Amino acid sequence: MLELSVSIIITIPNREINLSKELFKLIFIYYSMSQIRITCIRKDGGNHQNPHEGITHYGWIDQRGETKISDRQSMVNWIEKGNQAYVQYISGNKAYCSVRTNTATGRSFLQTHSDGNYNNNLLSLPEC
């Protein structure tokens with residue numbers, strides 16, 4: 001059986017850093033997590049302003065500039081796998097999304113949070 005040994009050496013001026021295989025895997029996993037910016041939403045019945053209608057779809061752009069629209073449950077599942085979605089303000093600040101569950105219906109949905117508080121930044125986005 002052939003066994004390979006992996007050693008990653010990073011050279012910084014006047015310094016050499018040798019990373020173990022395990023540390024390299026942790027760094028790779030951290031930086032390979034996907035991140036998308038949510039740019040628009042769709043609501044039940046198309047009535048964007050009705051606060052009692054739920055978001056059914058999210059439009060987004062990824063780090064490569066690819067745009068798509070995904071349904072609510074697909075986005076919930078994607079975030080639960082450790083990926084990140086956010087809404088970006090004009091100032092450049094980001095409000096990241098978390099998965100929440102409506103206790104009355106049991107339905108999971110996304111909601112933004114910033115500064116430790118949940119808010120409804122998604123509802124301020126335009127219709128897709």
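The values are calculated or read from the model by the stated rules, or taken from the named source; none is laboratory data. No experiment lies behind these values; they were computed from the predicted model shown. When we count neighbours, we look across all protein chains shown, and the Cβ atoms used for this are built from the backbone with ideal geometry, even at glycine.
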What tally of residues in the range 76-86 results from selecting those that are surrounded by 12 or more Cβ atoms within 10 Å (Cβ to Cβ) and more than 17 Å from THR105 (Cβ to Cβ)?
7
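Can you name every residue in the range 54-105 that is assigned to a strand (DSSP E or B) and of a type in the set (Val, Ile, Thr)? Steps first, please.
Of all residues in the range 54-105, those assigned to a strand (DSSP E or B) come to 55-62, 67-71, 84-88, 94-101.
Answer for the range 54-105, where residues must be assigned to a strand (DSSP E or B) and of a type in the set (Val, Ile, Thr): ILE55, THR56, ILE61, THR67, ILE69, VAL87, VAL99, THR101.
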Do the conditions hold for GLN111, that is, is it under 12 Å from ILE36 (Cα atoms) and surrounded by 11 or more Cβ atoms within 10 Å (Cβ to Cβ)?
no
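In the range 110-121, what residues are modelled with pLDDT under 90 and either touching a Cys at 6+ places or on another chain (Cβ under 6 Å) or not small (Gly, Ala, Ser) (or both)? Reasoning before the result, please.
If we filter the range 110-121 for residues that are modelled with pLDDT under 90, which is where we start, we get 113-121.
Selection gives HIS113, ASP115, ASN117, TYR118, ASN119, ASN120, ASN121.
Are any residues in the range 85-108 out of contact with any Phe, Trp or Tyr (no Cβ under 8 Å at 6 or more places or on another chain) and within 13 Å of ILE36 (Cα to Cα), and if so, which ones? Break it down into steps so the answer makes sense when it comes.
Step one: of the range 85-108, the residues out of contact with any Phe, Trp or Tyr (no Cβ under 8 Å at 6 or more places or on another chain) are 87-93, 103-108.
If the condition is that a residue be out of contact with any Phe, Trp or Tyr (no Cβ under 8 Å at 6 or more places or on another chain) and within 13 Å of ILE36 (Cα to Cα), then VAL87, GLN88 are the ones that fit.
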Has the range 46-60 got at least one residue that is at pLDDT below 95, exposed (fewer than 11 other Cβ atoms within 10 Å of the Cβ) and polar (S, T, N, Q)?
yes
